[in-house]
Amino acid sequence: MSEYVEDFHAGDFLVRSIIGGDPNNGILAVGAIPRVGQTLQFQLRDREAAHADLRNMLRQKRAALDAPPFGSLLFSCAGRGKNLFGKPNHDAALIQTIFVDVPLAGLLCNGEIGTVGGKAHLHGFTASAAFFVAS
């Protein structure tokens with residue numbers, strides 16, 4: 001998200017898909033318009049990393065909430081689940097493991113909205129969740 005970061009960690013990149021290329025002309029097409037000076041890095045989809053990332057974010061969210069949620073919504077990419085994890089319902093099952101007894105509804109998507117760096121972005125191959133807490 002920032003070209004001024006010296007040491008990159010999870011969450012420092014907004015991941016975009018490679019949508020094409022022309023090796024004869026040295027062209028690589030990505031699903032974004034990179035800025036001059038912007039850091040680009042290739043990312044590889046990995047089931048273990050995806051599982052650990054979602055698990056860690058869910059644990060952080062649970063710890064940050066002042067009260068247990070009374071409900072939740074999950075928007076999970078159709079490219080996850082059985083396609084990535086080898087079994088269906090991975091993301092929903094992980095939410096229900098960490099947020100025990102919280103009702104969960106959701107759907108499969110082909111583009112999920114979620115925040116990175118404090119701004120909302122359209123993502124692919126992700127899971128976005130909302131938790132509802134009484135104020």
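The values are calculated or read from the model by the stated rules, or taken from the named source; none is laboratory data. The model shown is predicted, which means the values in this text are computed figures rather than measured ones. We place every Cβ from the backbone using ideal geometry, glycine too, and count neighbours over all the protein chains shown.
Details
- Qualifying residue in segment 58-81 (condition: basic (Lys, Arg) and free of Cβ contacts under 8 Å to residues at least 12 places away in the same chain): no
- Residues of segment 34-51 classified as closer than 18 Å to residue 83 by Cβ and either hydrophobic (A, V, I, L, M, F, W, C) or part of a loop (DSSP other than H, G, I, E, B) (or both), total: 6
- Members of segment 78-95 found to be surrounded by fewer than 15 Cβ atoms within 10 Å (Cβ to Cβ), over 22 Å from residue 62 (Cα atoms) and more than 14 Å from the chain's Cα centre (by Cα), listed by number: 82, 83, 86, 87, 88
- Every test in (1) at pLDDT below 90; (2) surrounded by 11 or more Cβ atoms within 10 Å (Cβ to Cβ); (3) over 29 Å from residue 132 (Cα atoms) is passed by residue 14 save one, and that test is (3).
- For segment 17-31, residues that are polar (S, T, N, Q) and surrounded by 10 or more Cβ atoms within 10 Å (Cβ to Cβ) total 1.
- Residue match in segment 96-114 (condition: touching a Gly at 6+ places or on another chain (Cβ under 7 Å) and either under 22 Å from residue 31 (Cβ atoms) or surrounded by 16 or more Cβ atoms within 10 Å (Cβ to Cβ) (or both)): yes
- Pick from segment 32-52, criterion surrounded by 11 or more Cβ atoms within 10 Å (Cβ to Cβ) and basic (Lys, Arg), ranking: nearest to residue 122 (Cα to Cα): 45
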